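Below: the structure, in structure tokens.
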Amino acid sequence: MNMNIFNNICLIFCALVLIVNTADLHAKKRRHPVKHVSLFVGLYQDIKIPAAPVKFGRTGTYKKCAKLQFNPKEKILRINPTRVNDCSLFISDKRTGNILYEFRLDVKKTNVAKTAKEIQGLLRDIEGIKVKILNGRVVVDGEVILPSDISRIFSVVNQYGNEASSLVRLSPMAQVKIARYMERAINNPEISVKAVNGVFLLEGFANSKDEKDRAYILAQAYLPDEVNKESDSAKRTKKAEKAKIINLVNVKAAPAAAPKKIIQIVVHFVELNKDYQKGFNFQWTPGLGSGDQSKIGFSTGSRGPSSIASTITGVITNLLPKLNWAKSHGHARELQSASIIVQDGKLGTLKSTSKIPYITATKEGPKTEFADTGINTAITPEVLGERSDSIKLQTKFSVKALTGYAGGAPLVNDKEINTTLVVRSGQSAAIGGLISSTTSTGYNKAPPGNNPIISLMASKDFQRKQSQFVVFITPIIKSSASAGAEQIKRKFRLKN
């Protein structure tokens, strides 16, 4: 009896050893992964099998429930379920016979599959998304580049109510591209744009507050459109907040004010006088002389005893005709120049005058007065820009000239110009002119003296006076106040 018990124990031990060895053998033989896949009729599913060769073996009962397609380039196996069933699929290497993958396919038929197929057809042209069935619901997941694609996906999913939901989000790469477009529009190498968690950060330095505000406005123009997000509490759609821009750009401290520019202003005063005179006079006025030279006398001649005779004697003047003709031209040109160096925005004055004395009678007695003649100049230049060569000039000119005397007092001609204009550096402008013209004509003036016996006279006197006054101004931007000094020294042969 003890022997039988011992034999039974030996048999049990051998059986256990055999079972363990068999299990170890199967475990060693099956080193491939096993995956359970839930499928729905009409909705395919892509599975990556990177270890599979280009040509591999397909075994199992998969033909009862699905069809297979393989993309050798991407190593993707597409399983398209056709009938409701449970089946298996083994992927093996034909050369070695080793099983590489094992799939347990569970194909079901439900309305969710139909919904998934419809959603997949509507969103077929949008890249980067996948349509899945999880826990009896259709889920659209993935990343898209365009915000308009997100709006379209939510519009499609919301039509199916609780049967479908979306987990699609905007790709971070899209935000990076938008940030690059912002930088390109701002076009400032010192300002950069970064995309972090849907927020765009503007960083760097700007030369002024206006430049900082301009960068912010340009960045806003490239913000993506608003997209719809699903509200889990109300189960309805609502507008999501628009992507934010955080402006972290710093404004540089204003640099020290640069020294103002030096401007040389050259002014030419030109006055042209023209005097023309023409006279013609023909005169024939014979007449008797004065009373002292003509007389009447009576005398007795020796021829008769008693005869009376009268004698009239006198002198005839201006017996011969006189012809006078004269023609004269007078030209005069007066040119005065003035030059002054003025700082940008400052008033520059130049005065060159003379005082002419004259005596006037007062209650206290004779008194000496003075009349001013000469040129007064007042100019304020202003450069219009840092890199501009245009100069705005506020000018005031006054010219007084002596024209003659009347009653012992000098006659002074006063001309004044006051204007504002813009002239480029090195160019000249005629800023004002005054033209005066005087014409006089005389005919047949009576000659002086006594009344003649016969008077034949013709005369004509024509006189015309013209004057023209013009001011030319030339501004020149100088690099420094000493610019041109060497040239002046050479001109006048001056030495240091």
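The values are calculated or read from the model by the stated rules, or taken from the named source; none is laboratory data. For clarity, every value in this text was computed on a predicted model and none was experimentally measured. All Cβ positions, glycine included, derive from the backbone under ideal geometry; neighbour counts span all protein chains shown. Accessible surface areas use protein heavy atoms only, side chains included; no ligands, DNA or RNA. Shrake-Rupley method; radii C 1.70, N 1.55, O 1.52, S 1.80 Å.
In this structure, the amide hydrogen of Phe40, modeled 1.01 Å from its nitrogen in the peptide plane, lies closer than 5 angstrom to those of Lys108, counting only residues at least 5 positions away or on a different chain. Approximating the spin labels as points 7 Å out from Cα along Cα→Cβ, the Ser328-to-Ser148 distance works out to 9.3 nm.
Per-residue 3J(HN,Hα) values for segment 178-190, derived from phi via the Karplus relation 6.51 cos²θ - 1.76 cosθ + 1.60 with θ = phi - 60°, read 4, 4, 5, 4, 4, 4, 5, 6, 5, 6, 10, x, 8 Hz in sequence order (x marks Gly and Pro). R0 = 60 Å: FRET efficiency of Asn158 with Asp389, Cβ-based, nearest 0.05? Once rounded, the FRET efficiency stands at 0.40.
Round to a whole number: what % of the accessible area of segment 341-428 belongs to carbon and sulfur, probe 1.4 Å? After summing per-atom areas, the C and S share lands at 47 percent. Counting protein heavy atoms only, segment 94-149 has 47 percent of its accessible area on carbon and sulfur, 1.4 angstrom probe. Just to confirm, what accessible area per residue do you get for segment 337-433 at 1.4 Å probe, in whole Å²? About 62 Å² of surface per residue is accessible.
The slack in the chain from Val196 to Thr59, taken as 0.36 nm per residue of separation less the alpha-carbon distance, amounts to 44.4 nm. If R0 is taken as 51 Å, the Cβ-Cβ distance between Gln277 and Lys478 corresponds to a FRET efficiency of 0.60.
Under a 1.4 angstrom probe, counting protein chains only, how are Thr353, Thr395 ranked by accessible area, largest first? Please list the in-between numbers first.
Working: Thr353 65, Thr395 5 Å².
Correct descending sequence by accessible area is Thr353, Thr395.
Of Lys346/Lys367; Lys346/Lys465; Lys351/Lys392; Lys108/Lys177; Lys48/Lys244; Lys48/Lys194, which sit over 32 Å apart, Cα to Cα?
Working: Lys346/Lys367 41 Å; Lys346/Lys465 41 Å; Lys351/Lys392 22 Å; Lys108/Lys177 43 Å; Lys48/Lys244 38 Å; Lys48/Lys194 35 Å.
Violating the 32 Å limit, Cα to Cα: Lys346/Lys367; Lys346/Lys465; Lys108/Lys177; Lys48/Lys244; Lys48/Lys194.
I'd like to compare 51-58, 376-383: which one has the highest average count of other Cβ atoms within 10 Å, and what's the full order after that? Write down the numbers at each step before the final one.
Values: 51-58: 14.1, 376-383: 19.1.
Ranking, from highest mean packing down: 376-383, 51-58.
Sorted largest first by accessible area at a 1.4 angstrom probe radius, with every protein chain in place, the residues Lys244, Lys75 fall in the order Lys244, Lys75. Tyr276 sits with roughly 40 Å² accessible to a 1.4 Å probe, with DNA, RNA and ligands left out of the calculation.
For a quick check: with amide H placed at 1.01 Å from N, whose amide H comes under 5 Å from Gly348's, ignoring anything fewer than 5 positions away on the same chain? Distant-sequence amide H within range of Gly348: Ile379, Thr380.
Around the amide H of Ser166, modelled in the peptide plane, lie the amide H atoms of Val140, all under 5 Å away and 5 or more residues distant in sequence or on another chain. With all protein chains kept in place, the per residue accessible area of segment 145-190 amounts to 58 square angstrom at a probe of 1.4 angstrom. The trypsin sites (Lys or Arg not before Pro) of segment 344-376 meeting both criteria, a DSSP state outside H, G, I, E and B (loop) and at most 14 other C-beta atoms within 10 angstrom of the site's C-beta, are Lys346, Lys363.
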